[in-house]
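Note sheet for the following structure.
The values are calculated or read from the model by the stated rules, or taken from the named source; none is laboratory data. Keep in mind the model is a prediction, meaning the values are calculated, not measured. Methodologically, a virtual Cβ is constructed for each residue, glycine included, from the backbone with ideal geometry; neighbour enumeration extends over all protein chains shown. Heavy atoms of the whole protein, side chains included, go into the accessibility calculation; ligands, DNA and RNA do not. Shrake-Rupley method; radii C 1.70, N 1.55, O 1.52, S 1.80 Å.
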2 protein chains.
Amino acid sequence: MWEDLGMNLQTHDMLCEVLPQAFGDVYLSQDNRPDGMDYFNMVVADIHGIRPAELVEFQKKGGKVVGSFCIHVPDEVVVAGGAIATGLCSGSQFWVPGGEKVLPTATCPLIKASLGARFDKTCPFFRLCDLFTGETACDGKKKAWEILAEDAPMYIMDIPQMKRPEDYTKWSNEIKNYIKRIEELTGNKITESSLKSAIVLLNNKRKALQRLNNFRKLEHIPISGKDVLLIHQIAFYDDPARFTSMVNKLCDELDKRKTEDVSVFKKGTKRILLTGTPLSIPNWKVHHIIETSGGAVICEEMCTGIRYCEALVKETGNTMDELIDNLTERYLGHINCACFTPNKSRIEDIIRLAKEYKADGVIDLNLKFCSIYDSEGYFVERELQKAGIPCLGIETDYTDEDAEQLKTRIGAFIEMLA
Amino acid sequence: MWEDLGMNLQTHDMLCEVLPQAFGDVYLSQDNRPDGMDYFNMVVADIHGIRPAELVEFQKKGGKVVGSFCIHVPDEVVVAGGAIATGLCSGSQFWVPGGEKVLPTATCPLIKASLGARFDKTCPFFRLCDLFTGETACDGKKKAWEILAEDAPMYIMDIPQMKRPEDYTKWSNEIKNYIKRIEELTGNKITESSLKSAIVLLNNKRKALQRLNNFRKLEHIPISGKDVLLIHQIAFYDDPARFTSMVNKLCDELDKRKTEDVSVFKKGTKRILLTGTPLSIPNWKVHHIIETSGGAVICEEMCTGIRYCEALVKETGNTMDELIDNLTERYLGHINCACFTPNKSRIEDIIRLAKEYKADGVIDLNLKFCSIYDSEGYFVERELQKAGIPCLGIETDYTDEDAEQLKTRIGAFIEMLA
C-alpha cells in the first residue's frame, strides 16, 4: 500500500522505528490507566497502518478523502458530501528538516512539519488525500499552502480576520463555496438532510469529548492529561462514529472511577491549564514534563482541546441557509483563535476555564515563531495576573533540546503554586 | 511644542544627536548630488521640527491628522475629508527596544520600532495624530495594533488576503467604512468633488515620483539610489502639493543632466534592483552598502518604491461609487504585497522591472521575522533563476551588527555580476 502511495519506504521505516519507543516511554509507563485506553493505544501503535488502509479501501470504492489543517474548516461539509475528512497537522520533529528545505527557518514547527511530511513522502495521510483544504489562519500557513499547492491539489478557505457582522457574511459565503467544491470533488449533491446528519454526527463526537473533559473538573481526576490529549489528537483522524463510541465507552469506565473516587494522580498534584498553540500528534512533550513534575494537565484551551469540542453546531433549522448559518455561527463565533483581531473572548475563555476546571496555574505554551499566539501572550499573561491566576509563559518547538530547561522551569512553577 | 505632545525630551535629545551624523555619513558624503536634493536634506535635517510644527499648527485651527502604516490605506480618503495624512512606519533601531517591551523579539523591526516610537514618547508624529489607521496586512501588525490601541485612538482596515471578485467587493466596503470614520473624525462630508480632487493631488505626487524613477532607467543615471530612496521615504510625511513641486523641480534639473549624459556613478557600476520589505526612514543601510560596493540601486520593488507610486488611481467617473471603485482597483488590484495568496503578480512585476530598469542583478531583501516576504522569497529566487537574472537573498534588521557581513556578501554578489 505504501508503495502505491508514492511513499519513501526507507525513510518511512526510520520513522516507524522511533514512534513505539516514544509512545512506550510517555504513555505505557503511566500507572493505573483506564482499560478504555487500549483502543487509542492501538490506533497510535498502527497510526500509519489501520486508518490509512481504511481510507485507501474507501477510495478504491470511489470515495474521496479530504485533508485539512485547521479547526475552522467545517468537516460537516466533507462528511455531508459523502467524503472522509482527516486532520493533517504534523507534530513530529522528524518532518521539520523537510519543511525547512522550502520554508524559512523562522516558521513554526507545525507548518514546517506539515510540508516536510508531504515533500519527504513519509506520511500516508499526506499522500492519499484527494484534496487538501488549506486556510488563511496565519501568515505562515497562508504562504506555505502556496508551496504545497505546487505538489498537491489545494483548496483555500479565507478565514476572516475580524468578527464584525460583515465577517459572518463573508465566512458564510466561504462555507457555501466550500460546499460547491466538495460537491465537485465527490459528484454528490449536499442536501439539507445530509448536512444535518453530518452536524449531528460531529456534534456527537464533540459531546463525547466534552463528557471526557468534564471528568477533569473532578477533585479526583480519573484519567491523565496525556491520555486526554492523545484522544483529542486521534479525534482528527479516526472514523467519527467509531471514535465517539470508543470515547463514550471509556467515559462509562470513568463514571465508575468517579463513584469510587479513583484518581490517577497523587494527592497534592497541581492542576495546570494549558493555553496556546495546537499540539499535534505525536507532540506530547509538555504534557509529559508537567505530569512527571508534580502537575496534572486538566484542560487545554487549544485547537487540540477545548476549542475543538466545546461549542456545538446548532441542530435547529431545516433549510440550507439555516444550516449554513449554524455552521458559520459555530466556526467563526465560537473559536477564539489568536488569528482574530481583537480576540478578547479568548482571555475570557481562559479565565472561565481556569475556574471551571479549578486550575492552580496556567501555562501559556507557544510553538516557536507562532507570531499570533506569541503576541497575544502579552494580554494573556497580563490579564491572568490581574485575575490572580499564576501563569508561566513558555516557548518550545518539536526538538528535545529544551527538555531539561523546560523541566526546570515548569518544575519551579509547579512548586511555587499554593 | 514637544512638551505639549507629551514627549520624553531627554530620550528624544539622544535621538536628535544621532541622526545628523548618520545622515552626513550616508548622504552628504556623496559626490555630485543634484542641487534639488537641498530641499530633501532640509526636511530630514529637521524631521522632528518643521513638519510636526506644521501639523500642530493645522490642528490648532481645528484640522485633524491621520497616521497610517501601510500603502494599502488610501490617503485620498483622509485628504478628501480635509485632514492631513502622514506615514508612521519607523526605520530606526533607536525605537526597537521600546517595542520589544510589549512585542515578541521574533517580530520584524519595523513593527517593533513603530510601537517603541509611540510608547517611548520620542517621535512627534506618533504623539500628535488624532487617529491611527492600522490594517491587517500581516500577523505582526494585526496583533501589534491591539497593543497600540490601548494607548492611541486606532481604526483598523481589514485588507483582503486574496484577490477574488468578492475580495474587491470587501475592500470597496472597507473604503466606504473608512470614509464614514474620517467624516466622523473631521466633521466634514466627503463629496465626489473633494474625493476627485484628492485623487488628482495624490496622482500628481505619484506621477512626479514615477518621473523621478524613470531617470534611473537611463544608462547614465543622474541621481543615486540613496537619494531616490530618501525622496520616497519623505513622500509619506511631507505636504503632498509642496513635495510634488519639489520632486518636479529636481526632475527638471535631472532633465538637464540627461541631455548632458551626467551620471553620479562610475562606468561599470552594476545596476541592482531591490525587492522585498519596506525601508522606512532612516533605514538607508542596504542602499549605502550597495552604492559603496560598486553597485547602483536602480529600482525598489517595495512599498517605499515602485509599489507606492507606479499605479495611478483612475480619474474617470463622477459618482461616489465610481470613485470608490477606482480606489479599490488601485489599492487592491495594483499592489502586489506578499500578504496576498497567491501573489504571482509580484514575481511578474520583479521580472518586468528588472528588464525596464536594465538590472544586472536583484537583491531580495527581507527584514528579519517578516514571515510573508521571507516565505515568498522561495518563489522570487527560484523564478529569477529561471529567468536568468542573478539574485541574492539577504535578511537584515535595523542594527549595524551585520553590516560587515552584508558588505562581504553584497560585494561578492556585485563582483560576480557580468
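Test each condition in (1) within 12 Å of chain B (Cβ to nearest Cβ); (2) more than 19 Å from the chain's Cα centre (by Cα); (3) on the phi > 0 side of the Ramachandran plot for A:Lys358 and report the one that comes out false.
Going through (1) within 12 Å of chain B (Cβ to nearest Cβ); (2) more than 19 Å from the chain's Cα centre (by Cα); (3) on the phi > 0 side of the Ramachandran plot one by one, A:Lys358 breaks only (1).
All but one of (1) in contact with a Lys or Arg (Cβ under 8 Å, 6 or more places away or on another chain); (2) within 14 Å of chain A (Cβ to nearest Cβ); (3) open to solvent by less than 10 Å² (accessible area, probe 1.4 Å) hold for B:Ile289, so report the exception by its number.
(2)
Please tell me if A:His334 is open to solvent by 10 Å² or more (accessible area, probe 1.4 Å), over 29 Å from B:Ser371 (Cβ atoms) and within 20 Å of the chain's Cα centre (by Cα).
Answer is no for this residue.
Name the residue, out of A:Thr122, A:Thr133, that is modelled with pLDDT under 95 and under 21 Å from A:Leu5 (Cα atoms).
Answer to the selection: A:Thr122.
Do you know which residues across the stretch A:337-350 are farther than 17 Å from A:Asn213 by Cα and in a helix (DSSP H, G or I)?
Matches in the stretch A:337-350: A:Lys344, A:Ser345, A:Arg346, A:Ile347, A:Glu348.
Please find, within the stretch A:264-312, the residue that is farthest from A:Phe340 (Cα to Cα) out of those that are among the basic types (Lys, Arg) and in contact (Cβ under 8 Å) with a residue 40 or more places away in the chain.
Among residues in the stretch A:264-312 that are among the basic types (Lys, Arg) and in contact (Cβ under 8 Å) with a residue 40 or more places away in the chain, the one farthest from A:Phe340 (Cα to Cα) is A:Lys270.
Just checking, which of A:Leu365, A:Leu327, A:Leu353 is in a helix (DSSP H, G or I), modelled with pLDDT of 95 or more, open to solvent by less than 20 Å² (accessible area, probe 1.4 Å) and touching a strand residue (DSSP E or B) at 6+ places or on another chain (Cβ under 8 Å)? Before you say what the answer is, go through the steps one by one.
Numbers: A:Leu365 fails: in a helix (DSSP H, G or I); A:Leu327 fails: touching a strand residue (DSSP E or B) at 6+ places or on another chain (Cβ under 8 Å).
Exactly one of A:Leu365, A:Leu327, A:Leu353 is in a helix (DSSP H, G or I), modelled with pLDDT of 95 or more, open to solvent by less than 20 Å² (accessible area, probe 1.4 Å) and touching a strand residue (DSSP E or B) at 6+ places or on another chain (Cβ under 8 Å), namely A:Leu353.
Only one of these conditions is not met by A:Lys163: (1) touching a residue at least 24 places away in the same chain (Cβ under 8 Å); (2) touching a Gly at 6+ places or on another chain (Cβ under 8 Å); (3) facing chain B (nearest Cβ under 10 Å). Which number is it?
A:Lys163 satisfies every listed condition except (3).
Condition first: open to solvent by less than 10 Å² (accessible area, probe 1.4 Å) and touching a strand residue (DSSP E or B) at 6+ places or on another chain (Cβ under 9 Å). Now tell me which residues in the stretch B:130-147 satisfy that.
Of everything in the stretch B:130-147, those that are open to solvent by less than 10 Å² (accessible area, probe 1.4 Å) and touching a strand residue (DSSP E or B) at 6+ places or on another chain (Cβ under 9 Å) turn out to be B:Leu131, B:Phe132, B:Thr133, B:Gly134, B:Glu135, B:Thr136, B:Lys142, B:Ala144, B:Trp145.
Looking at A:Lys180, A:Lys205 in this structure, which one is over 30 Å from B:Thr107 (Cα atoms), more than 10 Å from chain B (Cβ to nearest Cβ), in contact (Cβ under 8 Å) with a residue 60 or more places away in the chain and not small (Gly, Ala, Ser)? It would help to see each step written out before you state the result.
Details: A:Lys180 fails: in contact (Cβ under 8 Å) with a residue 60 or more places away in the chain.
Result of the check over A:Lys180, A:Lys205: A:Lys205.
Which of the helices (runs of 4 or more DSSP H) found entirely inside the stretch B:1-93 contain at least 3 residues meeting this: more than 21 Å from the chain's Cα centre (by Cα), closer than 23 Å to B:Thr122 by Cβ and in contact (Cβ under 8 Å) with a residue 40 or more places away in the chain?
Once the helices (runs of 4 or more DSSP H) in the stretch B:1-93 are filtered for at least 3 residues that are more than 21 Å from the chain's Cα centre (by Cα), closer than 23 Å to B:Thr122 by Cβ and in contact (Cβ under 8 Å) with a residue 40 or more places away in the chain, what remains is B:9-23, B:50-60.
Name the single residue that is farthest from the chain's Cα centre (by Cα) among those in the stretch B:166-175 being open to solvent by 10 Å² or more (accessible area, probe 1.4 Å) and within 11 Å of chain A (Cβ to nearest Cβ).
Among those residues, the one meeting the criterion is B:Glu166.
Looking at the stretch A:404-417, is at least one residue more than 20 Å from the chain's Cα centre (by Cα) and not in a helix (DSSP H, G or I)?
Yes, there is a match, as at least one residue in the stretch A:404-417 is more than 20 Å from the chain's Cα centre (by Cα) and not in a helix (DSSP H, G or I).
Would you pick out the residues in the stretch A:70-109 that are open to solvent by less than 10 Å² (accessible area, probe 1.4 Å), at pLDDT 95 or above and under 15 Å from A:Gly134 (Cα atoms)?
Hits for the stretch A:70-109 are A:His72, A:Val73, A:Pro74, A:Val77, A:Val78, A:Thr86, A:Gly87, A:Leu88.
For the stretch B:109-150, which residues satisfy the criterion of being over 15 Å from A:Cys138 (Cβ atoms), in contact (Cβ under 8 Å) with a residue 40 or more places away in the chain and within 11 Å of chain A (Cβ to nearest Cβ)?
Residues satisfying the conditions are B:Gly134, B:Glu135, B:Ile147.
Let me confirm something: among B:Leu28, B:Leu19, B:Leu9, B:Leu5, which residue is touching a Lys or Arg at 6+ places or on another chain (Cβ under 7 Å), surrounded by fewer than 22 Cβ atoms within 10 Å (Cβ to Cβ) and aliphatic (A, V, I, L, M)? Before you say what the answer is, go through the steps one by one.
Working: B:Leu28 fails: touching a Lys or Arg at 6+ places or on another chain (Cβ under 7 Å); B:Leu19 fails: touching a Lys or Arg at 6+ places or on another chain (Cβ under 7 Å); B:Leu9 fails: touching a Lys or Arg at 6+ places or on another chain (Cβ under 7 Å).
Of the residues listed, the single one that is touching a Lys or Arg at 6+ places or on another chain (Cβ under 7 Å), surrounded by fewer than 22 Cβ atoms within 10 Å (Cβ to Cβ) and aliphatic (A, V, I, L, M) is B:Leu5.
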